[in-house]
């Protein structure tokens, strides 16, 4: 039986510097190598120090006897850093891959879930495997353009505001329930509080009343913000000539699809993503449930 051997000087990797980023809030760990069998060079830099990152890449090329013009391929796990780092690396001629953390392969024999972060050496190994054509090791995230990413803020902000308002409603109902009280609507809550009575006929205690009104004030503020965001969305839909707005208007013509569904479908799915098969389309169900 003939075994294939890993050759660090394989023509597919010769002259290529592989870089893996392990990102955290305060520090970034960078791993460098030119191929399998070579001990990775590891360096730690302060988070978001762009010039330091470029300097470490240049130093790694010199230490590994690569020319300044050598190709650089990098990767990092998708997370709180978003896509700005990807754009920064691409802007400096580096081929970067943003990896979906949940798609990274795990050792099924051990039956364990992937940890929150991978060691930089493991990331390097998987990056080289991916570079050589092993596409099953992970899924690469499709990075939206700056314009497409910015368009997602309005509906995401609206969803966040609605969730926060719902939490204030739940909090008010919980506070009143602790005294055996219930209101069916928050439309005229201050007046309702004046009329509510405890089990013995006494009015609501002043401390509880003040607390409920403070939560209600936040509820009212959130409602005003929601109304403002929805007005902004309607204005864009009526006046904008952007191609995305045309798609939203077209979807709204279909029975059963309103502005919320049409807007979400265009801005999150069909505006900039590219689907290759039915499985990728079906995977949107998990996103829809979030």
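Scanning segment 72-94 for residues that are over 15 Å from the mean Cα position of the chain (by Cα) and either closer than 16 Å to residue 38 by Cβ or part of a loop (DSSP other than H, G, I, E, B) (or both) yields 72, 73, 92, 93, 94. Restricting attention to segment 127-153, the residues that are touching a helix residue (DSSP H, G or I) at 6+ places or on another chain (Cβ under 6 Å) and more than 30 Å from residue 32 (Cα to Cα) add up to 2. Restricting attention to segment 168-210, the residues that are surrounded by 13 or more Cβ atoms within 10 Å (Cβ to Cβ), free of Cβ contacts under 8 Å to residues at least 24 places away in the same chain and under 19 Å from residue 220 (Cα atoms) add up to 5. Restricting attention to segment 18-43, the residues that are within 17 Å of residue 81 (Cα to Cα), without any contact (Cβ under 8 Å) to a residue 40 or more places away in the chain and touching a strand residue (DSSP E or B) at 6+ places or on another chain (Cβ under 6 Å) total 2.
Given the condition closer than 30 Å to residue 150 by Cα, in contact with a helix residue (DSSP H, G or I) (Cβ under 6 Å, 6 or more places away or on another chain) and in the same structural domain as residue 175 (by TED's automatic domain parsing), answer yes or no: does some residue in segment 202-220 qualify? The answer is yes; a qualifying residue exists. Any residue that is part of a helix (DSSP H, G or I), at pLDDT 95 or above, outside the structural domain of residue 90 (by TED's automatic domain parsing) and over 30 Å from residue 104 (Cα atoms) - is there at least one of those in segment 142-159? Among the residues of segment 142-159, at least one is part of a helix (DSSP H, G or I), at pLDDT 95 or above, outside the structural domain of residue 90 (by TED's automatic domain parsing) and over 30 Å from residue 104 (Cα atoms), which makes the answer yes.
The values are calculated or read from the model by the stated rules, or taken from the named source; none is laboratory data. As the structure is a computational prediction, the values presented were derived from the model and not from experiment. Glycine gets a Cβ as well: all are built from the backbone with ideal geometry, and neighbour counts include every protein chain shown.
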